[in-house]
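Inspection log for the structure reproduced underneath, given as structure tokens.
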Amino acid sequence: MNVLALLALALAPGVAISLYIYLKDKHEREPLWLLLVSFFYGGVSTIVTEIIRFPVNALMFTKDDGIMYHFVDTFFKVAFLEECSKFLFVRFILFYNKNFNEPFDGIVYAVMVSMGFATVENVLYVYQYGMATGILRMFTAVPAHAIFATIMGFFLGKAKFTHRKVFYYSVIGLLAASTFHGFYDFFLLIPYTPLVWIWVIVAMVIGFILSRKAIRLHQQTSPFI
């Protein structure tokens, strides 16, 4: 498969999910330029993740075997660091933009940043491992990043418009997204238990149901209805 076809395969899921969330913003859609900037922030967050991961790997050294190593690696060195990197751009930059003017915008911006992150990651994986990996990730990793982002964005939307609980909902959003991400990676990558992929499907289904509910709840609380 040629380079352009691989690139299209890598870009397609992130772009499709971004468009889906944009169309779900029914009452007061965000400027396209700001969504593109948010997507770009997501790409930059991949670099931030690696910068943070270097000292964390040194400080949180665990023996490279056993279930505890796998738990620390997936929940903290992967899930939490990746979600934290994305969170920084949504919570401390986009959160204060004047266009963030309804609870649903928390989901929109979180998903856009997450899709930027997932797309850069997807391009690297597809070019390294080929078409089969791109097709697999189209239905697993990229939608999973969108689910984590929707959960985070739901709470950031509440943080923005619930007075005196900004810190509380922000932390809950980061921890909730990191927890779902951690469970997904833990069960996906664990080498010790047969048929463990069933738990990956369970985690994805639960996350998808919660994401749909989060989208619906924030759509119903828009001040622009």
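The values are calculated or read from the model by the stated rules, or taken from the named source; none is laboratory data. What you see is a predicted model; the values in this text were computed from it and never measured. Neighbour counts run over all protein chains shown; Cβ positions are idealised from the backbone, glycine included. Remember, those area values only see protein heavy atoms, side chains included, never the ligands or the DNA or RNA. Shrake-Rupley method; radii C 1.70, N 1.55, O 1.52, S 1.80 Å.
Candidates are the residues of the range 23-49 that are in a helix (DSSP H, G or I) and farther than 18 Å from Lys86 by Cβ; the one that is least open to solvent (accessible area, probe 1.4 Å) is Lys24.
With respect to the conditions (1) surrounded by fewer than 19 Cβ atoms within 10 Å (Cβ to Cβ); (2) not in a helix (DSSP H, G or I), Phe71 lacks only one, and its number is (2). Going by the structure shown, is Leu88 open to solvent by 60 Å² or more (accessible area, probe 1.4 Å), of a type in the set (A, V, I, L, M) and either touching an Asp or Glu at 6+ places or on another chain (Cβ under 7 Å) or free of Cβ contacts under 8 Å to residues at least 40 places away in the same chain (or both)? No. Residues that are modelled with pLDDT under 95 and either touching a Phe, Trp or Tyr at 6+ places or on another chain (Cβ under 8 Å) or among the hydrophobic types (A, V, I, L, M, F, W, C) (or both) within the range 31-58 comprise Ile51, Ile52, Phe54, Val56, Ala58, listed in sequence order.
For (1) in a helix (DSSP H, G or I); (2) over 14 Å from the mean Cα position of the chain (by Cα); (3) aromatic (Phe, Trp, Tyr), each residue gets a yes or a no:
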| site | (1), (2), (3) |
| --- | --- |
| Leu124 | yes, yes, no |
| Phe154 | yes, no, yes |
| Phe167 | yes, yes, yes |
| Ala176 | yes, no, no |
| Phe183 | yes, no, yes |
| Lys213 | yes, yes, no |
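Among the residues of this structure, Glu82 counts as one that is among the charged types (D, E, K, R), open to solvent by 10 Å² or more (accessible area, probe 1.4 Å) and either under 25 Å from Ala159 (Cα atoms) or not in a helix (DSSP H, G or I) (or both). When the range 140-163 is filtered for residues that are open to solvent by 50 Å² or more (accessible area, probe 1.4 Å) and either touching a residue at least 12 places away in the same chain (Cβ under 8 Å) or aliphatic (A, V, I, L, M) (or both), the ones remaining, listed by number, are Lys158, Lys160, Phe161.
Six or more apart or on different chains, Cβ atoms under 6 Å: show the pairs whose first residue is in the range 9-30 and closer than 20 Å to Met138 by Cα and whose second is surrounded by fewer than 20 Cβ atoms within 10 Å (Cβ to Cβ) and at pLDDT below 95. What qualifies is Pro13/Met138. Being farther than 23 Å from Val202 by Cβ, out of contact with any Ser or Thr (no Cβ under 7 Å at 6 or more places or on another chain) and among the polar types (S, T, N, Q) is a condition met by at least one residue of the range 157-176.
Scoring Gln219 on the criteria (1) modelled with pLDDT under 90; (2) surrounded by 17 or more Cβ atoms within 10 Å (Cβ to Cβ); (3) within 23 Å of Thr162 (Cβ to Cβ) leaves a single failure, condition (1).
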